[in-house]
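Asks: Structure provided below as structure tokens; questions to follow.
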Amino acid sequence: MRRLLRMIVLAARCCASGCALAAGLGTPALADEIRPAYLELREEAPGEFAVLWQTPMQGDVRLDLVPEFSGDAVALSPPTMRIVAGNAVETWRLRAGALRGQTLTIRGLEKTVTDVLVRLQFLDGTAQVNVIKPSTPSLSIPERQTALALARNYILFGIEHIVFGIDHLLFVLGLLLIVADRWMLVKTVTAFTLAHSITLAVATFGYASAPVEPLNAAIALSILFLGPEIARIWRGETSLTIRRPWVVAFIFGLLHGFGFAGALTGTGLPRADLPLALLTFNIGVEIGQIAFVLLVVALERSFRQLEISWPVWATRMPGYLIGSAGAFWTIQRTAILMGVVQ
């Protein structure tokens, strides 16, 4: 199974990952978990809203994103800005008599890879949460939002987070290259899921946190760690990781869970929204992760049926890809942590 899995990646992942890595290795924000922007409008008087607009910083530079409304929306006070935990946070007051039905556009979003989580709280007690994406930087504000639609938005948010989290997918792929059989695969994936679910919940509810830059370096190190383990398999050697990959999956899964949590904890959602957000976001992450694993397994079966004889260098390419990406990110993120680069 290991040999066939290595074959898969050359045909199925090298092109996709190579293109993404070529674009993203030099950009920490792309290789790392992608922090969303957060826009909250809370109605405090009829037609008057307190606005909180939070955008992630890249070094000392904030993303040039501006929320715009299609209808009557007038600022009642100038924005005040402060920097909080790597985010630029602006607050101001807005008059918008008929916010429902308007189109909200985030100008500049199409030039980024950042989603925007939008939360609207009205005087009548109703609330809405929507996600605006770079591919569709506008949102038509609905009259009402059902609980099902709200859950759907968080699930899709979780799926996109894992799909675009290249470092998380490379770690899972590295585990797949190490496992020896299907039962070990089930135990390893289950251990990783359990571990990152624990720290995702702990971090989301604020019981523990991990500084972003050291966490990013540690996640990169977890990928680098798998490179030599894959090489040991090539040499016919063994180790604790090879014999019990589920142990390593659980330990490093705790780190990756803090990385997943950045998508929720960084938004500043009200605490009352966290249980539903956590549950549905985690469901989305698991859907994305399981879909990736099933894709790899399905491709492995397809290649088994084709009985293609691959050269040795081709079967080892995935291991080199994982080890090289892990080494690059570890050096890059450590340099950022030490202030050598921005």
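Asks: For the stretch 37-178, what is the convex hull (Cα atoms) projected area averaged across all directions, in square nanometres?
Replies: Working: hull surface 40.8 nm².
Here the figure is 10.2 nm², rounded to one decimal.
Asks: Lys/Arg Cβ at +1, Asp/Glu Cβ at -1, dipole of the stretch 138-286 taken about the Cα centre: which of 278, 239, 190 is farthest positive-ward?
Replies: Value computed over the given set: 239.
Asks: While we're looking at this one, here's another question. Multiply the residue separation of residue 331 and residue 61 by 0.36 nm, subtract the distance between their alpha-carbon atoms, and state the gained length in nm to one decimal. Please list the in-between numbers first.
Replies: Details: separation 270, 0.36 × 270 = 97.20 nm, distance 2.22 nm.
Stretched out fully, the residue 331 to residue 61 stretch lengthens by 95.0 nm.
Asks: If packing is taken as the mean number of other Cβ atoms within 10 Å per residue, what is the order of 213-219, 227-233, highest first? Walk me through the numbers on the way to the answer.
Replies: Values: 213-219: 21.0, 227-233: 17.4.
Going from most to least packed, we get 213-219, 227-233.
Asks: Hey, for a label at residue 103 modelled as a point 7 Å past Cα toward Cβ, could you say which residues of the stretch 57-86 have their backbone N under 19 Å away?
Replies: Hits in the stretch 57-86 for residue 103 at 19 Å: 66-74.
Asks: Could you work out, for the chain, what percent of all Cα-Cα pairs fall into each 20 Å distance bin, beginning at 0 Å and stopping at the bin that holds the largest distance?
Replies: With 20 Å bins starting at 0, P(r) equals 29, 52, 17, 1.
Asks: Which percent of Cα pairs goes in each bin when the distances of the stretch 195-342 are cut into 10 angstrom slices starting at zero?
Replies: Result returned by the calculation: 10, 28, 35, 20, 6, 1.
Asks: Something else now. Calculate the radius of gyration of the Cα atoms of the stretch 226-292 to one decimal place, then report Dmax, the largest Cα-Cα distance, as a whole number, both in Å.
Replies: Considering the stretch 226-292 through its Cα atoms, Rg and Dmax are 16.8, 53 Å.
Asks: While we're on this one: Could you quote the convex hull projected area for the stretch 270-310, Cα atoms only and averaged over all directions, in nm²? Don't skip to the end; give the middle numbers.
Replies: Numbers: hull surface 13.9 nm².
Averaged projected area of the stretch 270-310's Cα convex hull equals 3.5 nm².
Asks: Taking only DSSP H segments of four or more residues, each worth -39500 (n - 2.57), what value at 222 nm results for the chain once the sum is divided by all its residues, to the nearest 500 deg cm²/dmol? Each step should come with its number before you reach the end.
Replies: Numbers: 11 runs with 186 residues, N = 342.
Value at 222 nm, helices only: -18000 deg cm²/dmol.
Asks: Using a 10 Å cut-off on Cβ atoms, rank the peptides 278-291, 116-129 from the highest mean neighbour count down. Write down the numbers at each step before the final one.
Replies: Numbers: 278-291: 19.6, 116-129: 17.2.
My ranking of the peptides, most packed first, is 278-291, 116-129.
Asks: With the other protein chains left in place, how much accessible area per residue, in square angstrom, belongs to the chain at a 1.4 angstrom probe?
Replies: Working: 15430 Å² over 342 residues.
Ligands and nucleic acids excluded, the figure is 45 Å² per residue.
Asks: Still on this structure, I have one more. For the stretch 44-118, just the Cα atoms, rotate onto the principal axes and tell me the three extents in Å, largest first.
Replies: On the principal axes, the stretch 44-118 reaches 38, 25, 17 Å in Cα extent.
Asks: Pop out the ³J(HN,Hα) list for the stretch 318-332 in order, Karplus 6.51 cos²θ - 1.76 cosθ + 1.60 with θ = phi - 60°, rounded to Hz; leave Gly and Pro as x.
Replies: Per-residue couplings from phi come out as x, x, 5, 4, 5, x, 5, 5, x, 5, 4, 5, 4, 5, 4 Hz.
Asks: Rounded to a whole number, what % of the accessible area of the chain do carbon and sulfur atoms account for, probe 1.4 Å?
Replies: On the way: 9980 of 15430 Å².
The C+S portion of the solvent-accessible surface of the chain is 65 percent.
Asks: Compute, for the chain, the length of the dipole vector about the Cα centre, with Cβ point charges of +1 (Lys, Arg) and -1 (Asp, Glu) only. Units Debye, rounded to 20.
Replies: Working: 28 positive and 25 negative charges, 238 e Å.
It comes to approximately 1140 debye.
Asks: Can you pull a Stokes-Einstein diffusion coefficient for the stretch 155-262 at 37 °C (0.692 mPa s), Rh from Kirkwood over Cα pairs, as a whole number of µm²/s?
Replies: Details: Rh = 14.2 Å.
Stokes-Einstein gives a translational diffusion coefficient of 231 µm²/s.
The values are calculated or read from the model by the stated rules, or taken from the named source; none is laboratory data. Keep in mind that this is a model prediction, so the values were computed, not measured. Every residue, glycine as well, gets a Cβ built from its backbone with ideal geometry; the counts of neighbours run over all protein chains shown. To get the accessible areas, we keep the full protein, side chains included, count just its heavy atoms, and leave off ligands, DNA and RNA. Shrake-Rupley method; radii C 1.70, N 1.55, O 1.52, S 1.80 Å.
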